[in-house]
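Reading through the C-alpha cells given below for one structure.
The values are calculated or read from the model by the stated rules, or taken from the named source; none is laboratory data. Quantities reported herein were computed from a predicted structural model and do not represent experimental measurements. A quick note on method: Cβ atoms are made from the backbone with ideal geometry, for glycine too, and the neighbour counts reach across all protein chains shown. Protein only, heavy atoms only, side chains kept; ligands, DNA and RNA dropped before computing areas. Shrake-Rupley method; radii C 1.70, N 1.55, O 1.52, S 1.80 Å.
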Amino acid sequence: MSKPRLRAIAFSLGALAAVATLASCQVRPLYGGAEGTALNAKMHELAFSVPTTQVAQYVRNELIFLTGGGAGESINAKYDVNLSAFSVTSELLQDDSSDTARAGRTIVTADFALRRREDNKLLASGRRQATALLDFPSQEFAKLRAIRDGEQRASKEVAEIINADLAIALSKEPPLELPKQPVK
C-alpha cells in the first residue's frame, strides 16, 4: 500500500475513534429536562438540623433558600441534612509601627451528612470550606462588623458548594415512588 493511502486509513480510524469517544460522553445539565424536574422535587424534600453556632445558622438559612427556591423548609421532608459549621478569623498584614492588623481572612468550615429518612442510609457527606478576605478599620466595632460580614460571605459560598453536593447525591437517588405499571 502507498503512504498516502495508509495515511488516509489512519486518519479515518482516528476520526472514527474520536466520534465513538464523543458519542459515549453523557454530559447533561444537572437541572435539565425530566430528570431536573424530579431533582427539584427532591431538593424541596430536605430538612436541616438545628444550628449550634451563628455561622451554622448563616449556612443553614442560605441552604434553605437555595434548596427550597425561596419557599422555605419542607414540611414533608424525606431527607435529613445534618449540618455543623464554624469560622476562624486570622489577622494578616501586621503594621509594625502600631502593632495592629490592617487586613485578615475568615475561613468558614462546614460539615454535612445527607441521610434518607426511610432507612437512615447515608447518601452523601463531606467538609467544605470557603475564605473571605477582610479589611480591618481602626475602630473596634467596625472591625467586628467586618468579621461578621466576612463570615456571612464565606457562609454563602459554602452553602452554594454544599447545595451542589446535595444535588449531585440526590440526582443519583432513584425516585421514592415508582411509577405504577399499566394493568393489562
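For the stretch 45-55, what are the residues that are out of contact with any helix residue (DSSP H, G or I) (no Cβ under 6 Å at 6 or more places or on another chain) and within 16 Å of L114 (Cα to Cα)? Passing the criteria: E45, A47, S49, V50. R102 fails exactly one of the following numbered conditions: (1) modelled with pLDDT under 90; (2) part of a loop (DSSP other than H, G, I, E, B). What is the number of that condition? That leaves (2) as the condition not met.
Of all residues in the stretch 114-142, those that are among the polar types (S, T, N, Q) and in a strand (DSSP E or B) total 3.
Here the stretch 65-83 is the region considered, the condition is being in contact with a strand residue (DSSP E or B) (Cβ under 9 Å, 6 or more places away or on another chain) and closer than 16 Å to I162 by Cβ, and the residue that is modelled with the lowest pLDDT is E73. Buried (at least 17 other Cβ atoms within 10 Å of the Cβ) and either over 22 Å from I168 (Cα atoms) or modelled with pLDDT of 90 or more (or both): which single residue out of E91, E45, E62 fits that description? Going through E91, E45, E62 in turn, the sole match is E62. Residues that are under 12 Å from T106 (Cβ atoms) and either in contact (Cβ under 8 Å) with a residue 12 or more places away in the chain or among the aromatic types (F, W, Y) (or both) within the stretch 136-149 comprise F136, A146, I147, D149, listed in sequence order. Residue check: D111 meets all listed conditions (1) in a strand (DSSP E or B); (2) open to solvent by 70 Å² or more (accessible area, probe 1.4 Å) but one, namely (2).
Screening the candidates A159, A142, A132 for the property of being hydrophobic (A, V, I, L, M, F, W, C), out of contact with any strand residue (DSSP E or B) (no Cβ under 7 Å at 6 or more places or on another chain) and modelled with pLDDT of 90 or more yields one hit, A159. Of note, R117 does not satisfy the criterion of being closer than 16 Å to Q57 by Cα, among the charged types (D, E, K, R) and modelled with pLDDT of 85 or more. If you go through the stretch 114-159 and keep only what is crowded, with 16+ Cβ neighbours inside 10 Å, of a type in the set (G, A, S) and within 18 Å of E91 (Cα to Cα), you end up with A130, A132, A146, G150, A154.
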